[in-house]
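Note sheet for the following structure.
The values are calculated or read from the model by the stated rules, or taken from the named source; none is laboratory data. Owing to the predicted nature of the structure, the values given are computational and were not obtained by experimental measurement. Cβ placement follows ideal geometry from the backbone for every residue including glycine, while neighbour counts extend to all protein chains displayed. To get the accessible areas, we keep the full protein, side chains included, count just its heavy atoms, and leave off ligands, DNA and RNA. Shrake-Rupley method; radii C 1.70, N 1.55, O 1.52, S 1.80 Å.
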Amino acid sequence: MKQTVINELTTPEVKERLAVEKENLVKMKLNHAISPLENPQSIRAQRRTIARLMTELRKRELENK
């Protein structure tokens with residue numbers, strides 16, 4: 001997910017998306033442990049997307065203070 005897309009989301013949407021992405025990451029890790037994924041780099045991309053979402057939430061939190 002690109003940063004421009006994240007910036008367009010509202011705060012509740014970002015929180016919801018963050019929960020979904022974390023859940024997907026757990027599923028991907030479990031699937032990878034059982035049988036190797038076709039593209040293991042997708043785990044890395046998922047982690048980075050989560051980090052982008054968390055960064056955006058923190059930025060908005062600091063702006064509100």
*Would you calculate, for the chain, the mean residue ellipticity at 222 nm contributed by helices, counting each DSSP H stretch of 4 or more residues as -39,500 (n - 2.57) and dividing by all residues, to the nearest 500?*
-28000 deg cm²/dmol
*Let me know the charge dipole size of the chain about its Cα centre in debye, to the nearest 20, where only the beta-carbon of Lys, Arg (+1) and Asp, Glu (-1) is charged.*
260 debye
*What are the lysines whose alpha-carbon lies under 21 Å from the alpha-carbon of residue 65, with same-chain residues fewer than 8 places away excluded?*
15
_Run the numbers for residue 29 and residue 10: contour at 0.36 nm per residue of separation, minus the present Cα-Cα distance, in nm._
4.0 nm
*Would you mind computing the Rg to Rh ratio of the chain from its alpha-carbon coordinates, Kirkwood style for Rh?*
1.07
*Over the chain, with every protein chain in place, what whole percent of the accessible area is carbon and sulfur at 1.4 Å, could you tell me?*
54 percent
